[in-house]
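Here is the structure we will look at, set down as structure tokens.
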Amino acid sequence: MQDWRSYDAVAETYERIHAPRLAEPARDLVAVAAPPPGGRVLDVGAGTGVATQAAAEAVGEDGLVVAIDASVSMLEVGRRSRSLRAAAAQAIDLPFRAGAFDVVVGNFVLAHFRKYQTALADIVRVLRPGGRLGFTAWADGNDELTQTWLESVWSVVPREILEPAIAQAAPWRDRFRHRDSLEEALMDAGLRHVRTERRQYRFRYALDEYVEGLGTWATGRFVREMLGEREWDDFRERTRRAFAERFSDPLNDFRDVLIGVGSKP
């Protein structure tokens with residue numbers, strides 16, 4: 001049985017619905033991390049490779065960008081869409097020599113590391129001295145869209161079951177909503193010249209597309225595993241009606257994002 005925490009089963013949907021939106025903060029992350037022309041970049045937790053593509057455009061034809069992700073399906077979808085140079089790998093025990101990269105980026109991945117301190121230590125290892133490490137992290141709280149989704153989820157999965165399960169998939173989501181926590185993590189990893197900034201993005205979705213995309217997030221993947229396919233389809237239709245009653249179509253999803261970067265001494 002497939003682990004619900006994996007993105008393998010939702011890779012195609014993720015690429016179609018979310019990748020075009022997440023490309024914008026990915027481009028901003030790469031711009032802040034500023035890989036040099038002809039440089040070497042590692043994209044950790046690359047998913048389908050939106051940050052990988054942004055980094056490839058930044059370093060040019062003489063550069064090298066490598067994408068790693070634990071989900072083979074996400075990388076396969078990314079390779080079809082973006083011709084990624086990719087490897088299935090975890091952020092711990094990276095299969096690269098020390099100092100191999102000028103820049104390492106991670107787009108919305110830091111909160112998913114079970115032991116983020118250990119992951120950061122190995123990521124810093126593969127950075128050259130003077131190299132830069134950058135991450136994005138969601139910084140938003142609950143809004144009406146999120147609350148409507150959670151009300152639908154709680155109607156089928158009790159909160160006392162849901163919350164511990166989601167904590168397995170993104171154990172540090174709440175911690176890295178805050179600038180001081182992100183800065184502290186980067187400094188504790190040995191980085192210097194650490195800075196963070198907060199930006200807001202507007203993601204526009206057709207209503208049906210938005211509801212379908214909710215199934216790719218951790219809560220959606222867990223609920224789908226709990227319900228099974230037939231009940232999941234019924235649940236998703238009830239959720240679609242709840243959103244249609246409350247919101248106009250298309251939807252505007254405003255999301256706050258932290259961008260943090262630091263340099264290896």
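General observations
- Sparsely packed loop sites in the range 19-109 (the trypsin sites (Lys or Arg not before Pro) outside DSSP H, G, I, E and B with at most 15 other Cβ atoms within 10 Å) comprise 85, 97.
- Taking amide hydrogens as placed 1.01 Å from N in the peptide plane, the amide H of residue 65 sits under 5 Å from those of 41, each at least 5 positions away in sequence or on another chain.
- Close amide H partners of residue 113, meaning residues 5 or more places away or on another chain with modelled amide H under 5 Å apart, do not exist here.
- Phi to ³J(HN,Hα) by Karplus 6.51 cos²θ - 1.76 cosθ + 1.60 over the range 236-246, Hz, x for Gly, Pro: 5, 5, 4, 5, 4, 5, 4, 5, 5, 6, 9
- Computed from backbone phi, the HN-Hα couplings of the range 250-265 come to x, 9, 10, 9, 8, 10, 8, 9, 9, 10, x, 8, x, 10, 7, x Hz, rounded to whole numbers (Karplus: 6.51 cos²θ - 1.76 cosθ + 1.60, θ = phi - 60°; Gly and Pro given as x).
- Nearest 10 degrees, 0 to 90: helix 50-59 Cα axis against the chain principal axis: 30 degrees
- Helix 218-227 and the longest principal axis of the C-alpha atoms of the chain enclose an angle of approximately 40°.
- Listed residues 9, 162, 56: farthest to the positive end of the dipole of the chain (Cβ charges): 56
- Phi to ³J(HN,Hα) by Karplus 6.51 cos²θ - 1.76 cosθ + 1.60 over the range 138-147, Hz, x for Gly, Pro: 5, 10, 8, x, 6, 10, 5, 5, 5, 5
- Extension gain for residue 64-residue 192 works out to 43.6 nm (0.36 nm per residue, less the C-alpha to C-alpha distance).
- Helix 19-33 axis, angle to the chain major axis (alpha carbon atoms, nearest 10°): 30 degrees
- Paramagnetic reach from residue 114 in the range 159-192 [backbone N under 17 Å; point 7 Å along Cα→Cβ]: 164-173
- Note on the chain: with a GNM built from Cα contacts shorter than 10 Å, the maximum mean-square fluctuation among 186, 207, 75 falls on 207.
- Largest GNM mean-square fluctuation across 230, 192, 175, computed for the chain with C-alpha springs under 10 Å, falls on 230.
- GNM result for the chain, Cα springs below 10 Å: residue of 35, 129, 25 fluctuating most strongly: 129
- Gain upon complete extension [residue 57, residue 12; 0.36 nm per residue less C-alpha separation]: 13.9 nm
Each value in this text was obtained by applying a stated rule to the coordinates, not by laboratory testing. Values in this document were obtained by computation on a predicted structure and should not be read as measured data. Positions of Cβ are generated from backbone atoms using ideal geometry, with glycine treated the same way; all protein chains shown enter the neighbour counts.
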